[in-house]
Amino acid sequence: MHISRRHFVGGLMAASALSQVAAAASAKPARRPNIITIVLDDVGYSDLGCFGSEIRTPAMDSIAQGGLRYVRFDTKAVCAATRAALMTGRNSHSVNMPDVPDVAGVMRGDPEAQRLYRMPQNAQTVAQALRDGGYATWAIGKWHLIPMGDLPPGASREHWPLQRGFDYFYGFPRGWTDQYKPELVENDGYIHPDLPQDYHLSADLANRAISLIERQPQDKPFYLNLAFGTAHAPLQVPREWSRPYDALYTQGWDAIRKSRYERMKKMGIIPQETLLPPREAQDRAWTSLSDDEREVFARYMAVYAGFIEHCDHQIGRVLDSLRRLGQLDNTLIVLISDNGAAAEAGQEGEFDGLYKPNTLTPAQQKARIDELGTGKTQAEYPRPWAYAGTTPLRRYKLWPFSGGTRTPLIVHWPAMVRDPGHIRRQFVDVVDIAPTLLEAAGAGFAPRVGNVVQMPVAGRSFLATLGNPAAPGRQVQYFELRGNRAITNGPWRALAIHNCGAPYAQDKWQLYNIDRDFSESTDLAARHPDIVRKMTALWEAEWQRHVGRPLPQPVPFTCAPHDQFDRAH
């Protein structure tokens, strides 16, 4: 579907009305709310306008203006693990989703591969609980919770959306797909429609969502999980969306990171005393690049920005449909990204194919620069743009630093939010979202489904914080991905980078006071060895509580030397 700039301006005007709706909202919902979870992909902490970005995101900004921004929200640092926690309210390890299902493809001969990446039946999903409570349930977009062996036609559909609580599924089953020629699924089967010349997946997903919303009887609430491919590679968007950013990104990632940092302080997203950590040692300075590199790498980022702005417009169209139907005021919208900005393309970026070394010289890429963003390329930006995307945090997707785990969280429910546009600083983890949605719906996870006793729910509702800025948030949360570990306890956060194949007891723990050091800039481990000991003991206790199995060594495919870690995906 082609989106004109005229329609975009109209979306801007409509979206600005959200704050007016919020100001007139009543203190209590008149009825059970509709619920929408919007899940972005590989979008970093500072990549939205309402979180300090120069990228134009008026629709998402309007959700924040009429709702709340949570600035201490953590994910599992990789997509499938985050999505499993979102769906179940349990930690990803507890539901056999410690990483992405694709990893199982290299676990040949490992008996764990038969268990992993299969969410168990004793972990009811939020969709199942809401459907049992009378909700219509729809999954639109990315799923990525299917074991690799269950993907082919004719294979088991046990872990597909319809078998996990959704009435309808339209989207793509794996971690990424081409935005112009996607691998499409409807319900339990692959489909191969004739796509128009101006097709783009983000617009298609919005169209499906709008159609479902408009056909839904107004006396029956719905739950929509709207999971865009944006902004996971391949970076693809029509040129009209990327062109306005061309000149902006010629200043480079170092300048963009600094300007976002200053803007975030002025907006109150980060504390005034937050330090901006230096660029990571393996990341190149913008001034060190050749002229060809600067021109091509700026275009990569322009396409990324246009990709996000185009997706924002599709979100605005969904909001418009709710507004037309008079449903916006009593719709609970939760918007997140699944992990920090993606660094998997290394220092050179990827031009022709994802997860493949870039064999083209900068001059060769420059000669084809106008192919970036089109269906002729499968592109991902160079890693230092991800470091700008996670401003002011350290590192990026996959890492245990907050640059890997922390992403935007926006909650919009005019019927309940009493101070729209404000910021919440409570700690919230992705496991807390499902219990919050269920409390809002007057429902809950069942202790037993059929004859199956359900496992404990790790998440805790943060619904009270919508109306009360002083309501408590989460205090403790553990983290593990590919052997790297972290634990948060109140103001303290400890983390350890794992040396592949070495005993875990040899890992060196770092310690940060994130109340005073939001960006994890200063390691306090040497000053507070007693706190480090308590934090590591707490990590072990939380691991045993939620997982109860020994921590295995990472799969070799995912475990690389630290300067190459980001290429392991």
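Once backbone amide H atoms are built at 1.01 Å from N, V43 has A231, D338, N339 as its partners under 5 Å, excluding neighbours fewer than 5 places away on the same chain.
Report the relative contact order of region 255-388, percent, no decimals, based on alpha-carbon pairs under 8 angstrom and at least 6 residues apart. Relative CO of region 255-388 lands at 31 percent.
The phi-based Karplus calculation (6.51 cos²θ - 1.76 cosθ + 1.60; θ = phi - 60°) puts the 3J(HN,Hα) values of region 84-96 at 5, 5, 4, 6, 10, x, 10, 5, 4, 5, 5, 10, 6 Hz, whole numbers, x for Gly and Pro. When each of the peptides 418-431, 271-284, 365-378, 474-487 is scored by the mean number of other C-beta atoms lying within 10 Å of its residues, the order from highest to lowest reads 474-487, 418-431, 365-378, 271-284. Backbone geometry of region 401-406 corresponds, through the Karplus equation with coefficients 6.51, -1.76 and 1.60 at θ = phi - 60°, to 3J(HN,Hα) couplings of 5, 5, x, x, 9, 8 Hz, x marking Gly and Pro. Rounded if a/c is under 1.5, else prolate if a/b is larger than b/c, else oblate: which is region 432-483, with a ≥ b ≥ c the root eigenvalues of its Cα gyration tensor? It comes out oblate by the Cα gyration axes.
Its Cα gyration tensor gives region 232-343 an equivalent ellipsoid, and the semi-axes of that ellipsoid, as √(5λ) in whole Å with the largest first, are 31, 21, 12. State whether region 177-255 is rounded, prolate or oblate according to the following rule on the C-alpha gyration tensor (a ≥ b ≥ c being the square roots of its eigenvalues): a/c under 1.5 gives rounded; otherwise a/b larger than b/c gives prolate, and the remaining case gives oblate. Here region 177-255 falls in the prolate category. Just want the answer: with Cβ charges of +1 for Lys and Arg and -1 for Asp and Glu, which residue in N187, P469, P173 is farthest toward the dipole's positive end in the chain? The one lying farthest along the dipole's positive direction is P469. Taking the 1.4 Å solvent-accessible surface of the chain as the whole, the part contributed by carbon and sulfur is 53%.
Under unit Cβ charges (Lys, Arg +1; Asp, Glu -1), what dipole magnitude, rounded to 20 debye, does region 215-340 have relative to its Cα centre?
Working: 17 positive and 17 negative charges, 75 e Å.
My answer is approximately 360 debye.
Here the chain is assigned +1 on the Cβ of each Lys and Arg and -1 on the Cβ of each Asp and Glu. Its dipole about the Cα centre then comes out at about 1360 debye.
Rolling a 1.4 Å probe over the heavy atoms of the protein chains gives the chain an accessible area of 35 Å² per residue.
From the helices alone, meaning DSSP H stretches of at least four residues, give me the mean residue ellipticity at 222 nm for the chain, per-run term -39500 (n - 2.57), in deg cm²/dmol to the nearest 500.
Details: 16 runs with 161 residues, N = 569.
Theoretical 222 nm ellipticity from helices: -8500 deg cm²/dmol.
Which whole-number percent of Cα pairs in region 478-545 have a distance greater than 13 Å? Show your work: numbers first, answer last.
On the way: 1412 of 2278 pairs.
Result: 62 percent of Cα pairs exceed 13 Å.
When Rg and Dmax are taken over the Cα atoms of region 252-303, they come to 13.3, 38 Å. Peptides 382-394, 531-543, 49-61 ordered by packing proxy, namely the average of other Cβ atoms within 10 Å per residue, highest first: 382-394, 49-61, 531-543. Just to be sure I understand, if you calculate percent of Cα pairs over 38 Å apart for this structure, which of (i) 23; (ii) 30; (iii) 39 do you get? For percent of Cα pairs over 38 Å apart, the calculated option is (i).
Between amide H atoms placed 1.01 Å from N, distances below 5 Å from I36 occur with L224, L332, I333, V334, all of them 5 or more places distant or on a separate chain.
For region 398-538, the alpha-carbon radius of gyration amounts to 1.24 times the rule-of-thumb value 2.2 N^0.38 Å expected for a compact globular protein. Toward the positive end of the charge dipole of the chain, with +1 on the Cβ of Lys and Arg and -1 on the Cβ of Asp and Glu, the farthest Cα among M416, A255, G306 is that of M416. What the phi angles of region 482-492 give under the Karplus curve with 6.51, -1.76 and 1.60, with θ = phi - 60°, is a coupling list of 6, x, 7, 10, 7, 8, 10, 9, x, x, 9 Hz, glycine and proline written as x. Based on alpha-carbon centroids, what's the gap between region 501-515 and region 183-256 in Å, whole number please? Result: 39 Å between the Cα centres.
The values are calculated or read from the model by the stated rules, or taken from the named source; none is laboratory data. Remember, predicted model here, so these are calculated numbers, not experimental data. Please note: Cβ atoms are built from the backbone with ideal geometry, for glycine as well, and neighbour counts cover all protein chains shown. The protein model used for the area step is the full one, side chains on, heavy atoms only, and it has no ligands, DNA or RNA in it. Shrake-Rupley method; radii C 1.70, N 1.55, O 1.52, S 1.80 Å.
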